[in-house]
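What follows is a short report on a single structure.
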Amino acid sequence: MNFEQPLPVLDVSEEALLIETKDSATGSLTVKNLGGSVLKGYVCSRHRALTFEPDWWEGNSAALSYHFNPAHTGISPGQSLQTQVYICSNGGEAALPVTIKLTKMAITTREGQIIANVRDFYDYALAYPMQARQIFTDSEFYMLLMAVGYPYMEVYESLHKDANRERAMDNFFILSGLKEKTTLFLPKQRFVYDQNHGDMGKIYGQIMVEKSDRGFYEAPIAPESAPPWLTLSANRLISSDFDAQNQARVNFCIDPVHISARYARERVRIENCTAELIFRRPLPLTARLNREAFRFEDKGIIEISNHSGGDLAIEVFCPDAYVRFAARTYSVGTYYEVPFGVKLSPFMNAGRLFRRTPFMRTAIEIKGTSPGRVFKLRLPLTVGEW
């Protein structure tokens, strides 16, 4: 049984072409197959000033390079023309409108780049930021903006006077609609540190800050209440703090010596982002039962955690004799499980049946002792028929 292969579907990387230059220019677009089979076709330019190489292809992905020759346009510097490029294939057709503008002047950089418009300058600044800052304040660049009819010359003249050229250029590109305002965000916004009692070692950490693009940024780093236990590496974040991945790190240090309470929190604000730093000391002694209720004949465990920073002598006691321990005193370092049993005497069982008592309530008393300190806990439990 024969099956037809899925038909090819043409996809073109560009919807339109804009060529602004004083001299010749080159560029490219890509054609791809979003369907099946094999895509093949040709490209046809309606104007002889714009030619493509290759003008025919066969394959599911191809780069079509174009060359623009201003000598064949028939227009003068400062004028523009409209034309079209047709891409025909077995997967469909596409018509790309083309706008060609001959500028009155252009800047040739030391790297051989030609800057004929603001978009060219933006691309150049991304590749050569230091060199672009020098061009930005040159009279030649001013004349270029005048030649292309830049609509915000008054604003440019004020930006031109800004001593911070990085900031001035970033605002210039935002004004020109070539980029959005650079923003910050924090991949991690909450930092929690737990420390045992008696441990006064300093805690070091980093707040990772990411920038939306390579644009200029300057933001204050402001703690909410500036507590004595928190030290920040800087009070301001600037563009040079960011690496090639647009990431910066704000180092901080928490000093427990200046924290007397069990809990401390501080918010650090970096522009419109907030990082929350939390320091906690757990209770010196904590304990929990492995269950809340037990049968009249059962076994259980007391899970004891010691956060005091030293060994504790633990005493366990229950006023009701039906809760029994193998020992009354234990030495606990950081964690220990104390087993116990629940077993009513024959006399208590008889009394329970006589009174028809379905359950009884009691509690286990725990006392932890270390030199100069005593900690006490009480764990309620229920014993009954379940």
Residues of region 85-137 being of a type outside the set (S, T, Y), open to solvent by less than 20 Å² (accessible area, probe 1.4 Å) and free of Cβ contacts under 8 Å to residues at least 24 places away in the same chain, which ones?
-> F121
Select, from R281, R352, R269, the only residue that is closer than 30 Å to P227 by Cβ, free of Cβ contacts under 8 Å to residues at least 60 places away in the same chain and either surrounded by 12 or more Cβ atoms within 10 Å (Cβ to Cβ) or in contact with a Gly (Cβ under 6 Å, 6 or more places away or on another chain) (or both).
-> R269
Search region 144-167 for residues being without any contact (Cβ under 8 Å) to a residue 60 or more places away in the chain and assigned to a loop (DSSP other than H, G, I, E, B), and hand back the single one that is nearest to M130 (Cα to Cα).
-> N164
Output for Cβ contacts, cut-off 7 Å, separation at least six or different chains, first residue farther than 30 Å from R280 by Cβ in region 169-193, second open to solvent by 80 Å² or more (accessible area, probe 1.4 Å) and assigned to a helix (DSSP H, G or I), reads L178/R119
Scan of region 73-84 for residues that are open to solvent by 70 Å² or more (accessible area, probe 1.4 Å) and at pLDDT below 85, ordered by number = G74, P77, Q79
Looking at G35, is it surrounded by 19 or more Cβ atoms within 10 Å (Cβ to Cβ), in contact with a Gly (Cβ under 9 Å, 6 or more places away or on another chain) and more than 30 Å from F173 (Cα to Cα)?
-> no
Among strands (runs of 3 or more DSSP E) completely within region 47-99, the ones holding 1 or more residues that are charged (D, E, K, R), in contact with a Leu (Cβ under 9 Å, 6 or more places away or on another chain) and under 20 Å from G35 (Cβ atoms) are 56-58
Within region 210-248, track down each residue that is surrounded by 15 or more Cβ atoms within 10 Å (Cβ to Cβ), among the basic types (K, R) and at pLDDT 90 or above.
-> K211
Can we say Y193 is open to solvent by less than 70 Å² (accessible area, probe 1.4 Å), within 18 Å of M143 (Cα to Cα) and not hydrophobic (A, V, I, L, M, F, W, C)?
-> no
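A quick yes/no check of all residues on (1) touching a residue at least 40 places away in the same chain (Cβ under 8 Å); (2) open to solvent by 10 Å² or more (accessible area, probe 1.4 Å):
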{"site": "L18", "(1), (2)": "yes, yes"}
{"site": "A25", "(1), (2)": "yes, yes"}
{"site": "V31", "(1), (2)": "yes, no"}
{"site": "L39", "(1), (2)": "yes, no"}
{"site": "Y42", "(1), (2)": "yes, yes"}
{"site": "F52", "(1), (2)": "no, yes"}
In this structure, is G310 open to solvent by less than 50 Å² (accessible area, probe 1.4 Å) and farther than 17 Å from G368 by Cβ?
-> no
Lone unmet requirement of (1) closer than 18 Å to G91 by Cα; (2) of a type outside the set (V, I, T); (3) in a strand (DSSP E or B) for E14 | (3)
So which of T362, T382, T329 is at pLDDT 90 or above, open to solvent by less than 20 Å² (accessible area, probe 1.4 Å) and either of a type in the set (S, T, Y) or within 22 Å of L312 (Cα to Cα) (or both)?
-> T362
For region 138-178, how many residues are in contact with a helix residue (DSSP H, G or I) (Cβ under 8 Å, 6 or more places away or on another chain), acidic (D, E) and surrounded by fewer than 18 Cβ atoms within 10 Å (Cβ to Cβ)?
-> 1
For region 197-206, state whether one or more residues are in contact with a helix residue (DSSP H, G or I) (Cβ under 8 Å, 6 or more places away or on another chain), surrounded by 13 or more Cβ atoms within 10 Å (Cβ to Cβ), in contact (Cβ under 8 Å) with a residue 12 or more places away in the chain and not polar (S, T, N, Q).
-> yes
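The values are calculated or read from the model by the stated rules, or taken from the named source; none is laboratory data. None of these values were measured; they are calculated from a predicted model. FYI the Cβ positions are ideal-geometry reconstructions off the backbone, even for glycines, and counts take in every protein chain you see. Areas reflect the complete protein model, heavy atoms only, side chains present, ligands, DNA and RNA absent. Shrake-Rupley method; radii C 1.70, N 1.55, O 1.52, S 1.80 Å.
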